[in-house]
Amino acid sequence: MGYKKNYESREDMPDVQINLLQHFAFCPRQWGLMEIEGSWSENAHVVSGNILHKKVDNPFNNESRGDLKISRGLSLHSEKYGLVGIADCVEFEKSDIGIFIPRLKGKYIIRVIEYKNGRPHEAGKINFPDALQVAAQIMCLEEMFGADTDCPLFIEGYVFYNKIKRRVAHKDLAELKLKVVETLALMRHYMSTQTIPEGEKNIRCKACSLVDICLPKIKDKDLFMRIKKRENRN
Ligand code: SF4
């Protein structure tokens, strides 16, 4: 890949928030404008997504239904990959083929469920940015619960799409884990060089809350910079 490695050891690497991987996969420029330039603008998509997450990310909303334990707003962390985040919902279902969890005194299959306001673009398939986010959540859970990474069956991932009111199963974990590692390296490169990735007008711009800040139609970058400078003066 064409990015520089700026970190000599894991200690030098900043942790990356898992939900920002999803933003970066949606559009690297959107991520850069928010995280590096500090731009923020809410549109209807952002507001309805926030409302949905407020409903599900409630740390006091843990439940136990027989062999099923449900944890909402669980903190996630991977020391190995430098990831931090919060899972909307993690289910622990008692099973002989699961992972032993000392605190629950038994073996459990773990399911992580991410809630999204939209719908899958392809029936039965998680949209790529969401799939990347769930893969990163699974990587954290594997490290936190000591699961054998060659047996990913013990940790399952799903996205619940609110528009279709259904869970869609996460697939191709091995491939997506590699993508997570590549994406993290790319994000850290942009963070260390404080560079905002370039963006071109595309289908996603319609749903983007930063369209008026990004001005993706402007191809002439000098003109773009002049407009930004003028805005900053006002
Ligand atoms: S307007 Fe388009 S190119 Fe610009 S940040 Fe949003 S999605 Fe990316």
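A short reminder: the numbers here are calculations on the coordinates, not readings from a lab. In this text, all values refer to a predicted model and were calculated from it rather than measured experimentally. When we count neighbours, we look across all protein chains shown, and the Cβ atoms used for this are built from the backbone with ideal geometry, even at glycine.
A simple packing score, the average count of other Cβ atoms within 10 Å per residue, orders the peptides 23-29, 116-122 as 23-29, 116-122, with the highest score first. Working from label points 7 Å from Cα in the Cα-to-Cβ sense, the F100 to D12 distance is 4.0 nm. Which of K94/K177; K125/K177; K69/K163; K107/K177; K105/K177 have a Cα-Cα distance over 19 Å? Beyond 19 Å: K94/K177; K69/K163; K107/K177; K105/K177.
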